[in-house]
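Participant: Following this message is one structure expressed as structure tokens.
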Amino acid sequence: MTSPADEVVTLASELIAIDTTNPGTYGGPGTERPAAEYVAARLSEAGYACEYVESGAPGRGNVVARLPGADPSRGALLVHGHLDVVPAEAADWTVHPFSGEVRDGYLWGRGAVDMKGMLAMTLAVARHFKRTGVVPARDLIFAFLADEEAGGVVGAQWLVEHRPDLFAGATEAISEVGGFSVTLGGGPRAYLVETAEKGSMWLRLAARGTAGHGSLLHTDNPIATLAAALARLDAHRFPVVLTDPVREFLTGAAELTGVPFDPADPEAAVARLGHLSRLIAPTLRDTATVTIVNAGYKSNVVPAVARAEVDGRMLPGRDEAFRAELGRVLGPGVEVEWSSLPAVQTTFDGPLVAAMGAAIRAEDPGARLLPYMMPAGTDAKAFARLGIRHFGFAPLRLPADLDFTALFHGVDERVPVAALEFGTRVLDRLWRSC
Ligand SMILES: [Zn+2]
């Protein structure tokens, strides 16, 4: 019989070949249905009863299946992943982003890292358990979801609101953006586990002025008002706040590298992390980044309004302080509409964390786990509303020199074949015992 590690690459490759580019139109029609049907077929042929749920808009397919565990009195473990991917421009890539090609020991394609590799690992182990009669320690709920890349409006958030029954009894969840290895200072490998996510705050800005002919003198051009506010925002640095997950991460990193960590100067510790600092630096402070500007319609007309959108991310507990500080920076001439999703955070302890460490060390002796905070958001935010603890743990043992975080949403996204096989073995061990 084929082992889960034998089929994981085929499953991942076939999933990548189904183009599930998120249209990015919040709540609009989508592309996930064929991938959801593929997942449902792979689960059904192994013996699962799957539920296919189209959430709120055409094509937004989700699939949920459950494997009963030995102890029904224990809370279930939810394993969730998203079917959608961000767009890819084929002309920029070495291989076609939707080919799912294996080359030079890597599986290439949009979603290899984020997150069809993890979907394939989940599918491979789920199929193996069902086919061979493995009974996990507790119920496992497998959820393959639409629309994570646009906030889960017609994916996880929709299901949590309309079909919470699908996740009944779940107390903990594992999913993306964690579990991958990093090598710090030549020490033993460390595997990052996401235990927190910054909150998300989307701002729509508007500056208003007097419309008129471009040849005349103007003192309240809304484009100039908005541009000045955006320049202030871009130059602004929010204060450094050392939160528990970041402190734990930096303390662990200091132990691994032998370079002490000074809590009074966490920025210095982060600067020593090499390319990993890209992921950790934004978790020292709130951020607010302008991403869209819109104004004007003719070169000789001053418009009455100029608009912009800002992607804000705030540390746990900072919502009010963030709003107040941002309002001061933007100034009185700019109207702000806010919408937000709160930060999520759990502690790095308990039997599940111990089981993750044991499963990793069984495959990579001497390795250790480090908790960290994600600067962005995932579907964990939706499941937190059901009181479910979240851990980012999609295990991959990576080469020390691979700049892995650059591959998320990046050109030439790819994952080592050996890492997918490793992760499959780790998840197989974890789900039997946890
Ligand atoms: Zn993702």
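Participant: Taking the Cα centre of each part, how many Å lie between the range 324-390 and the range 62-108?
Facilitator: Using only Cα atoms, the two centres lie 20 Å from each other.
Participant: Moving on to the next point. State, to one decimal in nm, how far the label point of residue 94 lies from the label point of residue 218, with both points 7 Å from Cα in the Cβ direction.
Facilitator: 4.8 nm
Participant: Something else about it: Normalised radius of gyration for the range 334-412, please: alpha carbon Rg relative to 2.2 N^0.38 Å, two decimal places. Write out the running numbers ahead of the final one.
Facilitator: Details: Rg = 16.5 Å, N = 79, 2.2 N^0.38 = 11.6 Å.
With N residues counted in the range 334-412, Rg over 2.2 N^0.38 Å equals 1.42.
Participant: A further question on this structure: On full extension of the chain, what length is gained from residue 291 through residue 10, given 0.36 nm per residue of separation minus the C-alpha to C-alpha distance?
Facilitator: Working: separation 281, 0.36 × 281 = 101.16 nm, distance 3.71 nm.
Here the answer is 97.4 nm.
Participant: Sticking with this one: If you average the C-alpha positions of the range 232-294 and of the range 117-172 separately, how far apart do those two centres end up, in angstrom?
Facilitator: Their Cα centres are 32 Å away from one another.
Participant: Using a 1.4 Å probe over the heavy atoms of the protein chains, calculate the carbon and sulfur portion of the accessible area of the range 130-183 as a whole percent. Don't jump to the answer; show the numbers that get you there.
Facilitator: Working: 800 of 1510 Å².
Ligands and nucleic acids excluded, carbon and sulfur reach 53 percent.
Participant: Take the Cα atoms of the range 255-403, find their three principal axes, and give me the spread along each one in whole Å, biggest first.
Facilitator: Here the Cα extents, ordered largest to smallest, are 68, 37, 31 Å.
Participant: Just order 141-150, 84-93, 99-108 by mean Cβ neighbour count inside 10 Å, highest at the front, would you?
Facilitator: Values: 141-150: 26.2, 84-93: 15.8, 99-108: 17.4.
With the highest mean Cβ count within 10 Å placed first, the list reads 141-150, 99-108, 84-93.
Participant: Right, here's the next one. Could you state the per residue volume, in Å³, of the convex hull enclosing the Cα atoms of the range 93-165? Let's see the in-between values first.
Facilitator: Details: hull volume 9.5 nm³, N = 73.
Taking only Cα atoms, the range 93-165 has a hull volume of 130 Å³ per residue.
Participant: Let me check the size of the range 163-294 from its C-alpha atoms; what are the radius of gyration and Dmax in Å?
Facilitator: 21.9, 67
Participant: Among DSSP beta bridges whose residues both lie in the chain, state the antiparallel percentage, nearest 5.
Facilitator: On the way: 47 of 70 bridges.
Percent antiparallel among DSSP bridges in the chain is about 65.
Participant: To continue, here is another question. Given only helices, namely DSSP H runs of n ≥ 4 each adding -39500 (n - 2.57), what is the per-residue ellipticity at 222 nm of the chain, to the nearest 500 deg cm²/dmol?
Facilitator: -9500 deg cm²/dmol
Participant: Would you please put 56-62, 238-244, 334-340 in order of how densely packed they are, using the mean number of other Cβ atoms within 10 angstrom per residue and starting with the highest? Walk me through the intermediate numbers first.
Facilitator: Details: 56-62: 21.1, 238-244: 15.9, 334-340: 14.3.
Order by mean packing, descending: 56-62, 238-244, 334-340.
Participant: Sticking with this one: For residue 50, what accessible area in Å² do you get when you roll a 1.4 Å probe over the heavy atoms of the protein chains, rounding to the nearest 10?
Facilitator: Surface accessible to solvent at residue 50 totals approximately 40 Å².
Participant: Need one number: convex hull volume per residue for the range 225-319, Cα atoms only, in Å³.
Facilitator: Values: hull volume 10.9 nm³, N = 95.
Hull volume over Cα atoms, normalised by residue count, gives 115 Å³.
Participant: To the nearest 10 Å², what's residue 180's accessible area with a 1.4 Å probe?
Facilitator: Number for this one is 10 Å².
Participant: Could you work out the per residue convex hull volume over the alpha carbons of the range 31-78, in cubic angstrom? Kindly include the intermediate steps, with their values, before the conclusion.
Facilitator: Working: hull volume 4.0 nm³, N = 48.
In the range 31-78, the Cα convex hull volume per residue is 82 Å³.
Participant: Debye calculation, C-alpha points only, no solvent: report log10 I(q)/I(0) for the chain at q = 0.10, 0.11, 0.14 Å⁻¹, in the same order as the q values.
Facilitator: Computed log10 I(q)/I(0) values: -0.73, -0.87, -1.32.
Participant: I've got another one for you. By how many degrees, 0 to 90 and rounded to 10, does the Cα axis of helix 116-132 deviate from the longest principal axis of the chain?
Facilitator: It is inclined by approximately 20 degrees.
Participant: In what order, largest first, do 74, 313 sit by accessible area if the probe radius is 1.4 Å?
Facilitator: Details: 74 90, 313 45 Å².
The ordering from most to least exposed comes out as 74, 313.
The values are calculated or read from the model by the stated rules, or taken from the named source; none is laboratory data. From a predicted model like this one, the values you see are computed outputs, not experimental measurements. Neighbour counts are summed over all protein chains in view; Cβ atoms, including those assigned to glycine, are modelled from backbone coordinates with ideal geometry. Note: accessible area is taken over every heavy atom of the protein model, side chains too, but ligands, DNA and RNA are not part of it. Shrake-Rupley method; radii C 1.70, N 1.55, O 1.52, S 1.80 Å.
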